[in-house]
Structure formats: structure tokens, C-alpha cells
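What follows is one structure encoded as C-alpha cells, with my remarks underneath.
The values are calculated or read from the model by the stated rules, or taken from the named source; none is laboratory data. Because the structure is predicted, anything quoted here is derived from the model rather than measured. Using ideal geometry, Cβ is built from the backbone for each residue, glycine included, and neighbour counts are taken over all protein chains shown.
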Amino acid sequence: MINVDLQQLVQALDAASKRDLEMAAERCVVRGGNKILVEDLLLGLLERPESLLARALQDAEIDAGELAQALQPRGEHSESRNPVFSAELVQWLQDALLVANLELGASQIDQAALILALLRNPMRYAGSRYQTLLSKLNAERLRDFALSQQPQAAGGKAAAPGESNLARFTHNFTQQARDGKLDPVLCRDGAIRQMVDILARRRKNNPIVVGEAGVGKTAIVEGLALRIATGEVPQVLKGVELLCLDLGLLQAGASVKGEFERRLQGVIDEVKASPKPIILFIDEAHTLIGAGGQAGSGDAANLLKPALARGELRTIAATTWSEYKKYFEKDPALARRFQPVQLHEPSVDEAVTILRGLAPVYEKSHGIYLRDDAVVAAAELSARYLAGRQLPDKAVDVLDTACARV
């Protein structure tokens, strides 16, 4: 049995279901009850003529009036004006959250998740007076209809059944490189070459890019994607797809215990089973260490260790020096599986070269002409006056801001 905080459950309800729950509480007060029952919420779902439950009843030729009569609570009266949730109602909401996450690919509890959870466990919630009526509903047909009506997820991806975990939780850097969506990467040949050497190994072939924030850790991974797209890599890396794991998407809606691990394991399994070789890029990799401190997730690093050790999963990780020392060095088993690639802040001259490579991109974006002395000034002045940040990030920001003000 899952155990989710009640406040978290209520927050997981979508807007319509929250209104239904509020109406259920009002209905409980009106009838003098001291507990909000499953029947109170079901009556609210039933009273909405456009609701999914009403349509399902009509499709199954079930008399809504007969069900409403059977749902009327009996034999309870109290003067309390602050009723509490019944244990059955809380369990129903917990199961509905599980259904929403695992079956519907959603992060919120909607009416479909509530009804499906009820139909999956009729003996747990449904009283004998209305269990027979609800048993006539086709749960699989209801699920298919709910999935067909599901809106597009954030970022334009539909969380539809059959969609792979890789499609849901990763971004394809090599495809972006082929489409010309990645910026050029200069002055990082040594770091990229070191990554290639590590990736070409048979075992322990997982580089971890370590450097301060702003030195361009993600950029050198994009640089590798650009080389893969153009074929400027050894034979062992030709045809490889470089995918970036989106930890935000992976954790979104994974408040149910075990859901985060299930998603991550699904990604790992699909990477290993893919007919095309895949390298997985994990930015901010330290967030995977001890992720069990967050609700509904576990220590994801333990899921990665076996596949990393056997060479079945090739990854590129990235983190800062402080996080590397705090998390990776304290776990020798994990540290052995990653080979550090140290990325230092570029010199001012190197930053100028990097900005010159990016200048055409910013000229096109802002519709202006960038003089070379402006590029040089952006690198030199940012290095002189912005002491709390690193090149080339701060120089790029200065140049971008200057272009925006023209």
C-alpha cells in the first residue's frame, strides 16, 4: 500500500476534482455527517451531466437515478462542522494517484483516474448497495477513452500509452545537431577528445565533466553531438544517438513511491534494448545521488551502478567540483564507474575565440552587425568586472544583453 501525505493528495487533484471534493465536504456538512465518504464524492461526480462518469453510465445503460439513490449515505448524524476524510476516501485518492501516474501517464488526479481506481478495487470502496451497478462499467474501455482525450503534456509531448520512456524523458542532441539547432563549440577540443577516449573503452566508459558553473560543461557535450552528426568521431561512435536525460520531466508527478525508480529503470532498459547505440547525458548528475530524500523517489544512483559497471549503459555526467566532492567522492563504488574530465575556465583569449564563433548566431537572432572590437570588449570587460562568475558564460551574457539593447 502506498502512503502519501493527505495535503499532497489534495494538491495532486486537478481543478475539477478539487471542486468535486469541496462539494463532497459541503454535502457531508448538510447531511450532518462527521466523515466525508466515498459516496459523497461519487455523488458529486454523478451530478455533473457532462462528467465522464455520467457518460460511462449512459454507455453501459445504467440508470443514473438508481445509482444516485444507492449512493445516499445512511445512519449517520453529527453536529460537527469540520468533517474529516474517511479512511476509505483517503485510500481511494491514493490509488487514484497511482492510476494517474502509472496507467494514464498523468501527474494529476482527474475524474478518469478516480473512476478507474474505483473499478480496479470495487470491494475496497464500493458499498454492496451500488457495487453491482458499477460492475457493469467497462474499465478498459473507460481507460482507452480517457487516454484518447488526454491533453498534450508540457513541451508538446503527449503522455500516451505506447510512447517510449526515451521519447518522454529525453532530448536528442544529435538530432538537434543535424537540424542546426546547436551553437558551435570552440576551444574545447581537448575535453571533447578526452570524452571520446573514455567512451571508446569497453568498460568504465562513462566520463563525468567536472567544472565550475558557467565554464561550458553542457556545451562540450553539445560539441560532441555536433561531431557525431558530422561523422568526425572514431568508428565506435559513428551512428550513436546522444540523448539528454531531463530530470525535471523524470521527477514530475512521481510522488508515488516507486514511480521515479520505475521511470528511470524504464529509460535504462530502453537504452540497453535500443537497436541504435545510445549515450545518455545526465546534467546536474549529483541530483541522482540520494534522491530518496524526495517524496516518491529512491536513490537512483543504485539503479545505474550495475549497468555502468558492466558497460551496458554509456553515460556522460556533468556536475560542479563542490557537488562532485560532496556526493561522488563519498561513494567510491560510484566514483569508480565515472572517469573525470576536468573542465577549467577558458582564458580571455579563448573566450574571445568562443564569442567570435557565436557572433553570427547572435547577429542573426538580433538582426544586427557585431563588430569584432565589441566581441573582444565583452570578453575582456566581463573577465575584469564580473568576478563572481565564470567565462565564457558571463561574456556570452554581456554580449547578448548588449545586442538586445541595440
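Remarks
- Enumeration of residues in the stretch 315-347 that are of a type outside the set (S, T, N, Q) and within 16 Å of Asn205 (Cα to Cα): Ile316, Ala317, Ala318, Ala333, Leu334, Ala335, Arg336, Arg337, Phe338, Pro340, Val341
- Positions within the stretch 235-252 being touching a Leu at 6+ places or on another chain (Cβ under 9 Å) and either assigned to a loop (DSSP other than H, G, I, E, B) or modelled with pLDDT under 80 (or both), in sequence order: Val240
- Taken over the stretch 285-302, the criterion of being at pLDDT 85 or above and surrounded by fewer than 16 Cβ atoms within 10 Å (Cβ to Cβ) is satisfied by no residue.
- Top-ranked residue of the stretch 201-220 - restricted to ones that are among the hydrophobic types (A, V, I, L, M, F, W, C) and touching a Ser or Thr at 6+ places or on another chain (Cβ under 9 Å), ranked as surrounded by the most Cβ atoms within 10 Å (Cβ to Cβ): Val209
- Subset of the stretch 118-145 [crowded, with 22+ Cβ neighbours inside 10 Å and either in contact with a Cys (Cβ under 8 Å, 6 or more places away or on another chain) or under 13 Å from Leu52 (Cβ atoms) (or both)]: Leu118
- Candidates Arg389, Arg356, Arg337: the one that is in the same structural domain as Glu270 (by TED's automatic domain parsing) and closer than 26 Å to Gln194 by Cα is Arg337.
- Of the helices (runs of 4 or more DSSP H) lying entirely inside the stretch 316-406, those carrying at least 2 residues that are out of contact with any strand residue (DSSP E or B) (no Cβ under 6 Å at 6 or more places or on another chain) and modelled with pLDDT of 95 or more are 348-366, 372-385, 393-404.
- Lys364 being outside the structural domain of Lys204 (by TED's automatic domain parsing) and surrounded by fewer than 19 Cβ atoms within 10 Å (Cβ to Cβ): yes
- Applying the set (1) over 21 Å from Gln339 (Cβ atoms); (2) under 24 Å from the mean Cα position of the chain (by Cα); (3) at pLDDT 95 or above; (4) of a type outside the set (Gly, Ala, Ser) to Arg262 leaves exactly one unmet item: (3).
- Residue that is surrounded by the most Cβ atoms within 10 Å (Cβ to Cβ) [pool: residues in the stretch 307-357 that are of a type in the set (Gly, Ala, Ser) and touching a Lys or Arg at 6+ places or on another chain (Cβ under 8 Å)]: Ala318
- Residue in the stretch 17-34 that is crowded, with 22+ Cβ neighbours inside 10 Å, over 17 Å from Leu142 (Cα atoms), of a type in the set (S, T, N, Q) and modelled with pLDDT of 80 or more present: yes
- Residue in the stretch 48-58 that is more than 16 Å from Leu142 (Cβ to Cβ), among the aliphatic types (A, V, I, L, M) and modelled with pLDDT of 80 or more present: no
- Of the helices (runs of 4 or more DSSP H) lying entirely inside the stretch 163-205, the ones with 3 or more residues being over 24 Å from Leu334 (Cα atoms) and of a type in the set (S, T, N, Q) are found at 173-178.
- The stretch 226-240 residues that are over 11 Å from Ala177 (Cβ atoms), paired with ones that are basic (Lys, Arg) (beta carbon under 8 Å, 6 or more apart): Gly231/Lys238; Val233/Arg227; Gly239/Lys276; Val240/Lys276
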